[in-house]
Amino acid sequence: MSEKKRLLTGLQSSGALHIGNYFGALKPFLNTYEEYESFLMIADYHALTSLKNPEELRQNIYNVVRDYLAVGVDPSKAVIFQQSRVQEHTELAWIFDCLVTVPFLELGHAYKDKVAKGLEANAGLFTYPMLMAADILLYDTDVVPVGEDQRQHIEYAREAAKKFNNAFGQTFKEPEEKIQKEIAVVPGIDGKKMSKSYGNTIPLFGTKEEVSKAVMSIVTDSSGERPENVYAIHALFRSESELGPIYETNAGKYKVLKEMLIEDIEAVIAPMREKRNSITDEDVKKVIEEGSAQAKTIASAKMSDVRKKVGVSL
Ligand code: TYM
């Protein structure tokens, strides 16, 4: 067994990834994954809580893996796998569901937000944190690199581990989140958290035209010294010491600043986009099949211990 600690993260295949996903999760993953035994998951069953279109879900799964490879994840150095192919995740989630209370799950932000907006939350969204706990705990994960919006989910995972360990004996490790302060919440074009569900994203792999359209519609506010929403996104691509003079020289010239931001985004994305275009569906399938088989070996060993502990294996 490897001496390295384990790192795991996942992204939902619920739509096109955006630069919030890149800076909040993928880049932090890329920065450290080689120091760990690393797992990168496609959270397709989580995506089912919001997506009810089979063709779209299937396409998104291909696209997310393509994105992982295009940003530079080396599949020989990380286990890239599809959540739904490792059925132990949903099995363990059920066991956790039986250990936690309804009021505990009612505190979940994703669930509360939906209810607060008067939307109907499905039971999958309600128990979502327990599926995520299973994703993490099955692999004895030490660290989970995520954006700030996932902090509570890691707390839930620790709670699930504690509850199981108290009830059935020491089994699960308590994971730690790894959230990089400067990029914990990437703002969208309206200044709120960038999110697929708010429709305020800059796509990670859009065409230059799509990126330009999104940047040009960043909401600017003329009351301050500089357009904060533009600056906050720009700061992801250039150091603040470089940006300072640029924003001073071009004070009030929002169009010029946005055009510079488009060029800076392009400089980062264009080479990755090119790489992405060369990745075929066959490449993706191979990565998913190999990675999911590796994940399955680990998860099924853990689950046979869990089944014994809870008393269902005879
Ligand atoms: P998801 O798919 O919503 O987002 C994937 C990752 O991107 C980060 N992120 C952001 N970071 C900074 N600023 C933003 N505006 C922004 N938007 C998204 C998220 O924090 C996340 O790290 N529940 C998870 C998926 C998941 C998972 C897991 C993650 C399922 N199982 C196990 C880690 C471990 C989610 O919905 O992420």
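Model label sites at Lys286 and Lys4, defined 7 Å from Cα along the beta-carbon direction, differ in position by 2.1 nm. The count of lysine pairs in region 1-142 whose Cα atoms are under 25 Å apart, excluding pairs fewer than 8 places apart on the same chain, comes to 8. Using Cβ point charges alone (K and R +1, D and E -1), the dipole size of the chain about the Cα centre works out to roughly 560 debye. Mean silhouette area of region 196-276, derived from the convex hull of its C-alpha atoms and averaged over all directions, reads 5.6 nm².
Restricting region 164-193 to trypsin sites (Lys or Arg not before Pro) that sit in a DSSP loop and have at most 13 other Cβ atoms within 10 Å of their own Cβ leaves Lys192.
Computed from backbone phi, the HN-Hα couplings of region 28-40 come to x, 4, 4, 5, 10, 5, 6, 7, 10, 8, 10, 10, 10 Hz, rounded to whole numbers (Karplus: 6.51 cos²θ - 1.76 cosθ + 1.60, θ = phi - 60°; Gly and Pro given as x).
Placing unit charges on the Cβ atoms only, positive for Lys and Arg and negative for Asp and Glu, gives region 196-276 a dipole magnitude near 360 debye about its Cα centre. Computed over the alpha-carbon pairs of region 34-124, the distance histogram in 10 Å steps reads 13, 34, 35, 17, 1 percent, short to long.
The spread of Cα positions in region 1-77, taken along each principal axis and listed from longest to shortest, comes to 42, 26, 19 Å.
Quick note on the chain: its Rg to Rh ratio, both from C-alpha atoms and Rh being the Kirkwood radius, is 0.99.
For region 91-141, state which GluC sites (Glu not before Pro) are in a DSSP loop and have at most 13 other beta carbons lying within 10 Å of their beta carbon. Could you put the intermediate results ahead of the total?
Values: sites: Glu91, Glu106, Glu120; in loops: Glu120.
Listed in order of number, the matching sites are Glu120.
Taking the Cα centre of region 264-314 as origin, sum charge times position over the Cβ atoms of Lys and Arg (+1) and Asp and Glu (-1), and report the length of that vector in debye to the nearest 20. Each step should come with its number before you reach the end.
Numbers: 10 positive and 9 negative charges, 119 e Å.
So the dipole magnitude of region 264-314 works out to roughly 580 debye.
Sparsely packed loop sites in region 198-304 (the GluC sites (Glu not before Pro) outside DSSP H, G, I, E and B with at most 10 other Cβ atoms within 10 Å) comprise Glu225.
Taking amide H positions as modeled 1.01 Å from N, with prolines and chain starts lacking one, the residues under 5 Å from Arg6 and 5 or more places away or on another chain are Glu37, Asp142, Val143.
For the chain, complete DSSP H runs whose alpha carbons reach 24 Å or more along their own long axis and whose mean Kyte-Doolittle score is -0.5 or higher are 54-71, 254-277.
Read-outs: derived from the displayed coordinates by stated rules, not from any lab. Being a predicted model, the structure only gives us computed values, none of them experimental. Cβ atoms come from the backbone with ideal geometry, glycine included; neighbour counts cover every protein chain shown.
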